[in-house]
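One structure is given below, encoded as structure tokens.
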Amino acid sequence: MNINLIHMTWCFIAGMGIGMFYFAGLWWSLKRLSSFQEPALWLFTSFLVRSGVSLAGFYLVSRGGWKGMLFCLFGFFLMRMLWVSKNKRKILSY
């Protein structure tokens, strides 16, 4: 099994950064949702941009390999758990 530890660590950290981008963008989009005349269009466009950038980031960081992609996803989901736990009070107050 030939796993490059430095590359996998980089993939994990980059996955956390991609997760931070995705969930901060989601939070920002939802906070601005009420100020638009077409909120569904805004939310759909935001989803497409966040998803496209995240998927491209996963692919570029992992160099197309499944092991790097897996470590990116681990970092992404860890950031999701951290983001939700940090903002739980804000989420429940809406």
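The values are calculated or read from the model by the stated rules, or taken from the named source; none is laboratory data. Because the structure is predicted, anything quoted here is derived from the model rather than measured. Note: ideal-geometry Cβ built from the backbone for every residue, glycine included; neighbour counts use all protein chains shown.
Taking the condition assigned to a helix (DSSP H, G or I) and buried (at least 16 other Cβ atoms within 10 Å of the Cβ), does residue 71 pass? In short, yes.
Within region 29-46, the set of residues being within 23 Å of residue 83 (Cα to Cα), at pLDDT 90 or above and loosely packed, with under 14 Cβ neighbours inside 10 Å comprises 44, 45. Contact map, region 3-31: residues that are farther than 22 Å from residue 66 by Cβ paired with residues that are part of a helix (DSSP H, G or I) and not charged (D, E, K, R), Cβ distance under 6 Å, separation 6+ or inter-chain. Pairs shown: 20/79; 23/83; 29/46. Within region 50-68, track down each residue that is surrounded by fewer than 17 Cβ atoms within 10 Å (Cβ to Cβ) and within 14 Å of the chain's Cα centre (by Cα). Of everything in region 50-68, those that are surrounded by fewer than 17 Cβ atoms within 10 Å (Cβ to Cβ) and within 14 Å of the chain's Cα centre (by Cα) turn out to be 51, 52, 53, 55, 56, 59.
Report every pair of residues separated by at least 6 positions or lying on different chains whose Cβ atoms are under 7 Å apart, first residue within region 50-67 and within 13 Å of residue 15 (Cα to Cα), second assigned to a loop (DSSP other than H, G, I, E, B). Within 7 Å, the pairs are 67/3.
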